[in-house]
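Read the structure below first, then the notes.
Quick note: the coordinates plus some simple rules give every number you see, no bench work behind them. Quick caveat, the model's predicted, so the values are computed rather than measured. Here the Cβ positions follow ideal geometry from the backbone for every residue, glycine too, while neighbour counts run over all protein chains shown.
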Amino acid sequence: MRTIIVNAKRGAVEVRTNRRSDNRWESAYRLLGGSGLTTEWRSAGVPEGFVTEGMALSAAILLGRMAAENSIVQPAHA
């Protein structure tokens, strides 16, 4: 599993990728607010998965940045 953090207009986006047992890739993202609040992980994938890790990573970054621009970070449930 690989995890990276990218800047967004409102805070940052944490992105992770993971290789599945069928050798396809999946990804997820969560929003990181400036005050330390985070959202729950949200899938950025499709059921069939991605062929490459780069595609999975790109999808999660794009969706995460879009979500960050259009929402206020609410804390994740424990």
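Are there strands (runs of 3 or more DSSP E) fully within segment 1-55 with at least 2 residues that are of a type in the set (Ser, Thr, Tyr) and surrounded by 15 or more Cβ atoms within 10 Å (Cβ to Cβ)? List them.
Hits in segment 1-55: 25-32.
Which of the residues that make up segment 8-42 are under 17 Å from SER71 (Cα atoms), touching a helix residue (DSSP H, G or I) at 6+ places or on another chain (Cβ under 9 Å) and polar (S, T, N, Q)?
THR39, the sole residue that qualifies.
Which count do you get for residues in segment 9-21 that are closer than 25 Å to GLY49 by Cβ and in contact (Cβ under 8 Å) with a residue 60 or more places away in the chain?
0
Need the failing condition index for SER71 against (1) of a type in the set (S, T, N, Q); (2) buried (at least 19 other Cβ atoms within 10 Å of the Cβ); (3) part of a loop (DSSP other than H, G, I, E, B), just the number.
SER71 satisfies all of (1) of a type in the set (S, T, N, Q); (2) buried (at least 19 other Cβ atoms within 10 Å of the Cβ); (3) part of a loop (DSSP other than H, G, I, E, B) except (2).
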